[in-house]
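Student: Sharing a structure, written as structure tokens. Questions coming.
The values are calculated or read from the model by the stated rules, or taken from the named source; none is laboratory data. Please read these numbers as outputs of a predicted model, since none were measured by experiment. Cβ atoms come from the backbone with ideal geometry, glycine included; neighbour counts cover every protein chain shown. Just so you know, the surface numbers come from the protein's heavy atoms only, side chains and all, with ligands and any DNA or RNA stripped out. Shrake-Rupley method; radii C 1.70, N 1.55, O 1.52, S 1.80 Å.
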Amino acid sequence: MTVLPGQAAAAADDAAAAPADPLVLAASWLPSAEDVPGPTMTLSTVGLDGYPSARTVLLSRFDGHRLHFHTDRRSRKAAELAALPRAAVTLVWPEAARQLVVVGDVAPVTDAEARAAYVARTRYLQVLAWVNDHEAAADTPARRRELWAAFEHERVGADLEPPATWAGYAVTPVRMLFWRGATDAASNRLAYERHDDGSWSQESWPG
Ligand SMILES: Cc1cc2nc3c(=O)[nH]c(=O)nc-3n(C[C@H](O)[C@H](O)[C@H](O)COP(=O)(O)O)c2cc1C
């Protein structure tokens, strides 16, 4: 077969863009640990009634193997994950024409990991983790502002520790879909599937 100029280079580019290990590709798409907390993602769980249950959360960290997120242990998602520890997360970067969908098994992170993520959050999000409960949700907006101000007043200048309700989880991928758009070619997805022995298979999908 005759290789036309540029073809070999293009093939090498494609191979580089589709590494055998999707975690390597994920590391080049996701922000590094120093950029915490990272972008938002849609976290989909299986609702207790069997319907999908989805909401936005922050990607707290990608540790090279797992995607971490944090929440309140009294939340619906926590109850859903206790019943079935599986989830999908969807991240989208429209300006870069990229979408990443990760499906996997969910497990709690260690206390040290959860604390580190709390410390890395903005003060607003640290306070939010303390004062965001069903009681506050049922209050008037004015009353919620009063509760917030009272909490801040009591702890002015003090570093905050995570409340007992602060919970961290990490998704270990079993499937990863890297979608890439283009303006001069069809969009396509690199679809990876993890096998029991830890190896990954790879396919190219349309869409
Ligand atoms: C931009 C954005 C970021 C959010 N980040 C988080 C987060 O990191 N953790 C979290 O528990 N909720 C976060 N939320 C709130 C969730 O979307 C959701 O309303 C809340 O966690 C309750 O969800 P649940 O009842 O399904 O458990 C965020 C919402 C928005 C709009």
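Student: Hey, with R₀ at 45 Å, roughly what FRET efficiency would residue 185 and residue 42 work out to, going by the Cβ-Cβ distance, to 0.05?
Tutor: E between residue 185 and residue 42, to the nearest 0.05, is 0.95.
Student: Run the simple label-point estimate for residue 110 and residue 158 please: 7 Å along Cα→C-beta, distance reported in nm.
Tutor: 2.8 nm
Student: Just from the alpha-carbon atoms, what are the Rg and Dmax of the chain in angstroms?
Tutor: Spelled out, the Cα radius of gyration and Dmax of the chain are 20.6, 76 Å.
Student: Still on this structure, please answer the following. Go ahead and set up a Gaussian network model of the chain, Cα springs under 10 Å, then flag whichever of 154, 113, 193 fluctuates most.
Tutor: Answer for the Gaussian network model of the chain: 154.
Student: Going by average Cβ density within 10 Å per residue, which order do the peptides 89-95, 162-168 take, highest to lowest?
Tutor: 162-168, 89-95
Student: Still on this structure, please answer the following. Tally Lys and Arg at +1 and Asp and Glu at -1 over the other residues with C-beta under 14 Å from the C-beta of residue 53: what net charge comes out?
Tutor: Here the count lands on +2.
Student: To continue, here is another question. Any idea of residue 176's accessible area? Nearest 10 Å², probe 1.4 Å.
Tutor: Result for residue 176: roughly 0 Å² accessible.
Student: Same structure, new question: What is segment 146-207 by shape, rounded, prolate or oblate, if you read a ≥ b ≥ c off the alpha carbon gyration tensor as root eigenvalues and call it rounded for a/c under 1.5, prolate for a/b larger than b/c, and oblate otherwise?
Tutor: Here segment 146-207 falls in the oblate category.
Student: Taking the solvent-accessible surface of protein heavy atoms with a 1.4 Å probe, what is the per residue accessible area of the chain in Å²?
Tutor: 59 Å²
Student: Explain nothing, just compute: Karplus ³J(HN,Hα) = 6.51 cos²θ - 1.76 cosθ + 1.60, θ = phi - 60°, for every residue of segment 88-94 in order, whole Hz, x for Gly and Pro.
Tutor: 10, 10, 10, 10, 9, 10, x
Student: Expressed as a whole percentage, what fraction of the accessible surface of the chain belongs to carbon and sulfur atoms when a 1.4 Å probe is rolled over the protein heavy atoms?
Tutor: About 57 percent, which is the carbon plus sulfur part of the accessible surface.
Student: For a paramagnetic label modelled at 7 Å from the Cα of residue 72 toward its Cβ, which residues of segment 145-177 fall within the zone defined by backbone nitrogen distances under 20 Å?
Tutor: Hits in segment 145-177 for residue 72 at 20 Å: 145-155, 160-170.
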